[in-house]
Amino acid sequence: MVVKFGSSRLLGWLSGWLLFAVPAVMANPLLPKNDAMQAQRTLYLETERTIQTLPVSQLYKVDSDMAALQSYPLYPYLVRQRLFRNVTIANRRAIESFLMAYDGHPMVYSLRAKWLRYLADNKQMSAFLASYRDNMGAEITCHYLQYQLAEASNPDYWLDKVDDLWLSAHSQPDSCNPVFKRWEEQGHLTDARLLKRIERAALSGNSRLVSYLQRSLPPERQYLGQLWLKVRNDPTQVMKPFNFPLAEIEIESRILAHGLERLAWKDPDQAVKGYYQWQSKLKISEAQWADIHRAIALSLAIDDKPGALTWLERADVTGAAQDVKRWHLAYLLRKQNWQKVLELIDLSRPQIQQQDAFRYWRARSFANLGAPEMGKHTLEELASERHYYGFMASAQLAKPASLKHMEAPTDPSIIQAIESRPSAQRAYEFLQLGRLIDARREWRYLISKLDTTKIKDAAVLASEWGWYDQAIISFTQSGYLDDVKRRFPLAFAPKFSRVGQTYDVSPAFAMAIARRESSFMVDAVSPAGATGLMQLMPGTAQYLVDKKINRAALIEPDQNVQLGVQYLRYLMDKLDNNPVLVSASYNAGWKKVLNWLPRDEALPTDVWIENIPYRETRGYVKAVLAYRYIYEQQLGTPSEIFSQLSTSSIPAVPRDSLGQMATGLQLAPE
């Protein structure tokens with residue numbers, strides 16, 4: 001007799017099948033790393049395709065193949081996929097058994113979400129509540145709250161949980177409407193909450209939501225929503241007093257404070273005028289004043305405008321954001337006022353004085369003030385450390401830097417125990433199938449369940465698998481940072497060497513870029529669309545080869561390395577082979593780097609690096625330079641990079657020649 005999927009007989013069999021799946025996989029011996037698994041992989045892929053294509057009524061046809069795969073690590077994914085095809089109340093027992101067996105596992109989330117939506121649509125309250133978990137998104141959460149409110153003896157407890165959902169800067173799904181209606185009927189919709197949500201929506205640029213919400217305010221207060229939007233879109237509006245009747249002084253002060261802060265980043269001189277215009281009228285907190293001071297001070301310092309030091313001193317007070325002190329230091333370095341640099345550091349809190357940058361610049365200040373011996377001990381301490389400032393300190397002392405490599409101590413039994421875990425087995429199989437996203441999900445789950453002392457061992461395991469990105473990330477999570485060879489693997493070294501020879505680009509430089517950009521994650525895609533090992537933008541790749549290139553090609557390592565190294569060569573040709581400017585351009589774009597060049601006189605290279613306006617690019621350049629040195633040591637090639645940096649300068653470019661220079665470079669798109 002043919003048993004149809006969904007019958008009571010099959011449900012009983014499927015539930016038992018699910019319940020025994022977990023111990024069967026956990027009992028597996030260590031998976032062999034050879035072709036012995038290939039037959040199962042092939043059958044898995046075939047079965048997966050069959051489940052995707054068969055009509056639901058014919059899913060029973062995969063029963064025998066699935067039975068043959070019960071010991072295969074990815075077997076639960078087939079069960080999940082089969083259940084996903086037939087989410088009905090008739091399958092409740094099988095679905096709930098699976099959700100319970102694999103609760104918290106990455107494979108469960110999508111099935112649970114589909115199941116909960118189905119139950120909500122079909123008014124299956126008890127089943128919904130049994131399967132609900134937190135953090136399933138607003139739509140499902142609102143269904144959950146609606147069910148709880150329907151049965152609650154103390155509705156206020158559940159209504160209080162609606163606040164955060166309602167205060168979203170974005171419109172919420174329709175499933176939230178019944179909950180919001182009851183919440184409003186119980187008096188939770190106050191003017192204060194309306195104004196708070198209007199502020200959030202305006203700051204996110206959601207003008208439609210602002211317009212909708214402000215209609216619920218009393219007529220005399222409705223102008224506040226449009227005022228938020230007006231200032232958010234154009235901060236110069238704070239310079240027009242007629243925009244601000246000050247009828248709602250506290251809220252208008254918040255709008256003005258936000259506008260002044262935004263204006264400071266756009267036009268600090270105007271922001272200073274606005275600051276004095278409104279200073280005596282604003283009713284804002286000390287923290288809000290500190291934010292305005294910070295924005296004006298940093299913007300003036302970055303642009304090297306008159307008055308920057310005065311504002312930095314005003315902003316650099318107890319409790320100020322950490323970057324205020326850092327920019328105070330950077331500005332004094334740009335002026336090469338070494339005495340003031342020394343005074344600033346010596347007056348800073350002990351925790352700040354012990355930061356790598358402050359230790360390095362204190363020693364550099366003594367050297368420039370003619371007392372190098374006073375900073376020598378600090379340089380010697382720094383030179384024993386493995387980072388940008390440690391390598392710079394070594395160069396200042398004319399000594400080779402030490403990598404302090406120490407291979408991670410390992411226990412084979414611990415590594416074997418980790419590798420035997422089902423999540424590790426699933427990660428490995430997905431890795432072999434090229435399903436890198438699924439592999440990483442399983443690996444992250446594995447790491448989350450390990451004792452912190454064993455994450456290092458997992459990192460060693462990933463390294464043994466040749467899974468460079470997860471080895472690097474896991475070592476960082478473990479806190480064990482001295483295994484330099486595994487943290488800076490010679491990943492794709494033959495490719496980098498071959499292409500490097502073609503374009504005369506140091507493999508160590510290109511590998512440092514790839515290590516910083518993606519940790520050698522071949523399928524990495526940034527929010528901006530940068531893709532692959534060397535995080536190339538499709539537009540840049542297309543410019544280099546003068547033809548359209550799709551994202552799939554950029555994920556292919558050979559193609560990505562070829563184009564990434566070619567782009568490095570391109571930047572090196574245009575920027576006089578300066579590794580600092582090339583690194584900065586690779587991250588921020590060449591146009592911005594040209595605008596950052598000194599205008600009046602050359603700056604020591606290390607001083608110029610400290611004054612890179614973008615925090616991300618500043619850290620990026622320091623990392624790439626340090627990584628390049630490490631890779632030069634790994635590849636056995638002599639390195640002079642930090643010796644050169646310690647004695648070189650970034651030349652000045654006259655302001656009137658900047659436009660001509662940019663035109664003449666004919667550089668690729670950013």
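Throughout, read-outs are computed from the coordinates displayed, never taken from laboratory work. What you are looking at is a predicted structure, and each value in this text was computed from that prediction instead of being measured. Note: ideal-geometry Cβ built from the backbone for every residue, glycine included; neighbour counts use all protein chains shown.
Find the relative contact order for the range 412-481 and round it to a whole percent, using C-alpha pairs within less than 8 Å whose residues are 6+ positions apart.
The normalised contact order for the range 412-481 reaches 27 percent.
First measure r as the distance between the Cβ atoms of S526 and E250, then evaluate 1/(1 + (r/R0)^6) with R0 = 56 Å and state the FRET efficiency to the nearest 0.05.
The value I calculate is 0.90.
Which FRET efficiency value, to the nearest 0.05, do you get for L217 and A138 by plugging their Cβ-Cβ distance into 1/(1 + (r/R0)^6) with R0 = 41 Å?
Given R0 = 41 Å and the Cβ-Cβ separation, E is 0.95.
Return the loop-located trypsin sites (Lys or Arg not before Pro) in the range 336-396 (DSSP other than H, G, I, E, B) with at most 16 other Cβ atoms within 10 Å of their own Cβ; answer none if there are none.
none
Computed over the Cα atoms of the range 493-665, what is the ratio Rg over Rh, Rh following Kirkwood?
My calculation of the ratio gives 0.96.
At 25 °C and a viscosity of 0.890 mPa s, what translational diffusion coefficient does Stokes-Einstein give for the chain, taking Rh as the Kirkwood radius over Cα pairs? Give it in µm²/s as a whole number.
Answer from the Stokes-Einstein relation: 82 µm²/s.
In nm, what is the difference between 0.36 nm times the number of residues separating Y543 and Y276 and their Cα-Cα distance?
Gain on stretching Y543 to Y276: 91.3 nm.
Just grab the label-to-label distance for D121 and W289, each label 7 Å out from Cα along the Cβ direction, in nm (one decimal).
5.7
Could you work out the relative contact order of the chain? I mean the mean sequence separation of Cα pairs under 8 Å and 6+ apart, divided by the number of residues, in percent.
Computed over the chain, the figure is 8 percent.
Return the distance in nm (one decimal) between the two label points of a simple spin-label model at H170 and E640, each offset 7 Å from Cα along Cα→Cβ.
A separation of 5.4 nm, rounded to one decimal place.
So, counting K/R as plus one and D/E as minus one, what does the shell of residues with Cβ under 11 Å around Y109 add up to?
Numbers: positive: R80, R112, K114, R133, R441; negative: D103.
Net charge around Y109: +4.
Which of the trypsin sites (Lys or Arg not before Pro) across the range 145-241 are loop residues per DSSP, with 14 or fewer other Cβ within 10 Å?
Filter output for the range 145-241: R215.
Using alpha carbons only, how many angstrom separate the centre of the range 95-122 from the centre of the range 409-448?
Cα centroid to Cα centroid, the span is 23 Å.
Once both labels are modelled 7 Å past Cα along the beta-carbon direction, what's the K114-Q70 spacing in nm?
If labels sit at K114 and Q70, their model points lie 2.4 nm apart.
Using the Cβ atoms and a cut-off under 15 Å, what net charge is assigned to the surroundings of P350, where Lys and Arg are +1 and Asp and Glu are -1?
The answer is +2.
How high is the relative contact order of the range 493-665, given as a whole-number percent (alpha carbon pairs under 8 Å, six or more residues apart)?
About 22 percent, as a whole number.
What pairs from K230/K325; K196/K305; K196/K266; K592/K622; K123/K161; K325/K404 go past 28 Å between their alpha carbons?
K230/K325; K196/K305; K325/K404
Please report how far the C-alpha centroid of the range 242-301 lies from that of the range 302-339, rounded to the nearest whole angstrom.
Distance between centres, Cα-based: 20 Å.
Restricting to DSSP loop positions (anything but H, G, I, E, B) with no more than 11 other Cβ atoms inside 10 Å of their own Cβ, which GluC sites (Glu not before Pro) remain in the range 552-657? Walk me through the numbers before you get to the answer.
Working: sites: E601, E610, E616, E632, E640; in loops: E601, E640.
Here the GluC sites (Glu not before Pro) that fit, given the DSSP loop and packing criteria, are E601, E640.
As a check on your grasp of the helix formula, calculate [θ] at 222 nm for the chain: sum -39500 (n - 2.57) over DSSP H runs of n ≥ 4, divide by the residue count, round to the nearest 500.
Per the formula, -19500 deg cm²/dmol.
How much net charge surrounds L397 when only the other residues with a Cβ under 9 Å from the Cβ of L397 are counted, with Lys and Arg +1 and Asp and Glu -1?
That works out to +1.
Enter the Cα centre distance for the pair the range 513-590 and the range 69-89, rounded to the nearest angstrom.
The range 513-590 and the range 69-89 have Cα centres separated by 40 Å.
Hey, with R₀ at 60 Å, roughly what FRET efficiency would L129 and D234 work out to, going by the Cβ-Cβ distance, to 0.05?
With R0 = 60 Å, the Cβ-Cβ based efficiency is 0.80.
Once you have the Cα-Cα distance between N595 and L43, take 0.36 nm times their residue separation minus that, and quote the gain in nm to one decimal.
Extending this stretch completely gives an extra 192.9 nm.
From the residues A257, A417, M66, which one has its Cα farthest along the dipole of the chain in the positive direction, the dipole being from +1 and -1 charges on Cβ of Lys/Arg and Asp/Glu about the Cα centre?
M66
Determine the dipole magnitude for the chain: charges of +1 sit on the beta-carbon of Lys and Arg, -1 on that of Asp and Glu, nothing else is charged, the reference point is the Cα centre, and the result goes in debye to the nearest 20.
It comes to approximately 1080 debye.
Given 0.36 nm per residue, what is the gain on full extension from D573 to L481 after removing their alpha carbon distance, in nm?
Value of the extension gain: 29.6 nm.
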